[in-house]
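Worksheet: one structure, shown below.
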Amino acid sequence: MPAWLENTVFYQIYPQTFRDSNGDGIGDLRGIIEKLPYLQELGVTGLWLSPCFESPFGDAGYDVADFYKVAPRYGTNDDLRALFAEAKRRGIRVMLDLVAGHTSNQCAWFRESQRHERNQYSDWYIWTDSVWTWFAPNLQVVVGGAERDANYVPNFFHFQPALNYGFAKPDPKMPWQQPVDAPGPQAVRAELKKIMAYWFDLGASGFRVDMAGSLVKNDPDGSATAALWREFRAWMDREYPDCALVSEWSQPQIAVPQGFHMDFLLPFAKPGYKALFRPDGDAVPIFDRSGRGNIRTFLDEFAPLYDATKGRGFIAIPSGNHDTVPRLGDGREARDVAVAMAFLLTMPGVPFIYYGDELGMRALDGLPSKEGGYGRTGCRTPMQWDASANAGFSAAPADQLYLPVDPSPTRPTVAAGLADPQSSLRATQELLALRKTHPALGASGEFRELYAEAGQWPVVYERTLGSERILVALNPTDTAREVRLPALPALESVRALAGEAAAFVSGADGWTVKLPPVSYAVVKAG
Ligand code: NOJ
């Protein structure tokens with residue numbers, strides 16, 4: 001396990017909209033390099049870049065045409081190498097996005113694969129036996145259009161043909177379903193390793209693996225896909241032991257024991273995670289001023305996952321990502337965002353901050369779909385840096401931006417946040433510094449609930465590592481809350497680290513935790 005994960009907090013950059021250095025209206029790698037001082041000052045020590053490779057951008061770059069080449073709109077491979085080096089100088093590691101499950105239909109491998117003549121790539125994708133095979137149980141097929149007399153299986157949108165990692169249980173009646181150890185699937189595996197090694201050698205510290213659970217088909221319990229990742233992990237432990245993988249799987253109890261260093265909790269698979277910050281049907285979020293949110297919805301989902309992964313890898317709780325609306329900042333003021341950050345940055349595992357969430361950036365409603373974003377488009381708007389034109393994102397005319405900047409006069413910016421001691425940015429900065437300097441708050445520090453009752457606030461928990469013991473109390477609601485914790489074992493004194501300094505009060509009958517509305521406290525025992 002790479003030791004650096006222990007105190008890393010990642011920051012996800014959507015390269016299209018972080019910072020445009022050359023005034024063409026779209027973000028680029030030089031723009032990211034330019035903003036490294038900000039990221040260092042913020043206190044994150046890891047970056048995850050959404051795909052920056054050559055692509056027709058039908059799905060914002062998740063449709064890769066050339067896995068070995070940076071998309072010209074973002075710069076060159078040399079720019080990426082420079083980003084790795086510059087980031088490293090500032091103590092920041094960079095992870096790329098590995099779209100392992102599919103390619104663009106414009107990828108040279110797919111162009112070859114769809115040809116009539118058999119060639120090296122014929123079995124790199126999943127093709128049915130004839131163009132008249134329109135249905136396959138549990139699989140979609142894209143019908144017609146290829147030179148080859150066959151249909152292919154897409155992995156996401158129709159122009160994202162699934163790479164062929166084989167079938168866990170090939171249907172004997174459909175011999176086109178190849179087993180995992182067939183030559184095609186084995187060649188695809190070897191190529192995936194080659195891609196990873198290429199970027200590791202250039203300076204990447206790891207990958208976020210897109211749709212990591214989707215590789216082997218007809219694999220209902222995920223065991224064949226897991227076996228593939230076990231093999232990859234063994235290879236990484238041998239060849240690249242300092243590099244790490246985080247999966248977009250959202251089944252940490254499978255992904256972590258089987259090879260991923262980290263797995264995300266994501267709203268599509270984990271309702272308890274979704275409930276934290278986002279309304280679900282009629283239910284208000286857990287972090288809601290009304291106090292009607294129920295922390296058990298999250299913790300009852302989290303506890304077994306935590307137990308299943310402890311000592312083997314980490315759960316990654318993201319503040320949001322490029323697929324998630326609303327954003328953390330939607331419907332929340334700076335104080336509310338700060339309480340949410342206090343939670344994210346004091347939980348075990350490896351937190352991920354989606355760009356702009358530290359400011360409380362809001363998603364834009366009603367935008368037309370951009371590059372396959374559809375309903376996700378609103379959470380991908382330009383980063384808000386300052387009060388200059390286009391919020392400092394780009395020098396291009398406003399109508400030539402990749403996406404519009406939030407037009408709200410109250411939109412938060414980095415410049416305003418840094419100048420305001422009450423901003424969520426400053427709170428995030430403080431919490432990041434705290435996490436870095438207190439091992440108990442790191443990825444492996446033990447987590448234990450002290451008070452977390454349905455419909456009750458505050459929530460109190462502790463993190464411990466060795467002799468260090470840190471207690472956290474959260475009150476996202478708009479009323480003062482107080483709870484008596486007479487049984488707080490062996491707690492003699494506390495020292496405030498962040499938030500409300502006087503929240504933990506010792507009395508004759510034990511400890512009471514008192515929090516004003518929308519507040520938090522992080523204290524150190526002893
Ligand atoms: C998950 C990515 O996060 C999403 O943006 C993309 O559209 C799909 N995978 C397909 O690659």
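The values are calculated or read from the model by the stated rules, or taken from the named source; none is laboratory data. Here the structure is a predicted model, which means the values were calculated and not measured. Every residue, glycine among them, receives a Cβ derived from its backbone with ideal geometry; neighbour counts consider all protein chains shown. Quick note on the areas: whole protein, heavy atoms, side chains included, nothing else; ligands and nucleic acids left out. Shrake-Rupley method; radii C 1.70, N 1.55, O 1.52, S 1.80 Å.
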## Note on the structure
Restricted to segment 132-143 and to residues being open to solvent by 70 Å² or more (accessible area, probe 1.4 Å) and under 23 Å from residue 100 (Cβ atoms), the residue farthest from the ligand (Cβ to nearest atom) is 138
### Query
Which of the following residues is outside the structural domain of residue 260 (by TED's automatic domain parsing) and in contact (Cβ under 8 Å) with a residue 12 or more places away in the chain: 111, 115?
115
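Going residue by residue through segment 152-161, is there one that turns out to be out of contact with any Cys (no Cβ under 8 Å at 6 or more places or on another chain), within 15 Å of the ligand (Cβ to nearest atom), in a loop (DSSP other than H, G, I, E, B) and among the polar types (S, T, N, Q)?
Within segment 152-161, the subset out of contact with any Cys (no Cβ under 8 Å at 6 or more places or on another chain) is 152-161.
Of the ones still in play, those that are also within 15 Å of the ligand (Cβ to nearest atom) are 153-161.
Adding the requirement that they be in a loop (DSSP other than H, G, I, E, B) leaves 153, 155-160.
Filter once more, so that each one left must be among the polar types (S, T, N, Q): 155, 160.
Checked segment 152-161: at least one residue is out of contact with any Cys (no Cβ under 8 Å at 6 or more places or on another chain), within 15 Å of the ligand (Cβ to nearest atom), in a loop (DSSP other than H, G, I, E, B) and among the polar types (S, T, N, Q).
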### Query
In segment 234-262, which residues are within 16 Å of the ligand (Cβ to nearest atom), over 18 Å from residue 300 (Cα atoms) and not β-branched (Val, Ile, Thr)?
245, 247, 248, 249, 255, 260, 262
### Task
Looking only at segment 87-126, count how many residues are aliphatic (A, V, I, L, M), assigned to a strand (DSSP E or B) and either away from the ligand (no atom under 16 Å from the Cβ) or surrounded by fewer than 21 Cβ atoms within 10 Å (Cβ to Cβ) (or both).
1
### Query
Taking only pairs six or more apart or across chains, which ones have beta-carbon atoms under 6 Å, a first residue in segment 307-326 that is under 23 Å from residue 383 (Cα atoms) and assigned to a loop (DSSP other than H, G, I, E, B), and a second residue that is among the hydroxyl-bearing types (Ser, Thr, Tyr) and within 12 Å of the ligand (Cβ to nearest atom)?
319/354; 320/354; 321/354; 322/14; 322/50
### Exclusive hit being outside any helix (DSSP H, G or I), open to solvent by less than 10 Å² (accessible area, probe 1.4 Å) and hydrophobic (A, V, I, L, M, F, W, C), set 266, 276
266
### Query
Only one residue in 190, 226, 197, 146 is at pLDDT below 95, under 23 Å from residue 125 (Cβ atoms) and either loosely packed, with under 15 Cβ neighbours inside 10 Å or away from the ligand (no atom under 16 Å from the Cβ) (or both). Which one?
226
### Query
Residues in segment 279-287: is at least one in contact (Cβ under 8 Å) with a residue 24 or more places away in the chain, in contact with a helix residue (DSSP H, G or I) (Cβ under 9 Å, 6 or more places away or on another chain) and at positive phi?
no
### Query
residue 375 fails exactly one of the following numbered conditions: (1) more than 16 Å from the ligand (Cβ to nearest atom); (2) farther than 30 Å from residue 6 by Cα. What is the number of that condition?
(1)
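Look through 281, 311, 320 and report the one residue that is crowded, with 17+ Cβ neighbours inside 10 Å, not assigned by TED's automatic domain parsing to the domain that holds residue 456 and not charged (D, E, K, R).
Being crowded, with 17+ Cβ neighbours inside 10 Å, not assigned by TED's automatic domain parsing to the domain that holds residue 456 and not charged (D, E, K, R) holds for just one of 281, 311, 320, which is 320.
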### Summary
Residue count, segment 492-526, condition touching a Phe, Trp or Tyr at 6+ places or on another chain (Cβ under 9 Å), assigned to a loop (DSSP other than H, G, I, E, B) and open to solvent by less than 20 Å² (accessible area, probe 1.4 Å), comes to 1
### Query
Given (1) at negative phi; (2) open to solvent by 20 Å² or more (accessible area, probe 1.4 Å), where does residue 210 come up short, assuming only one miss?
(2)
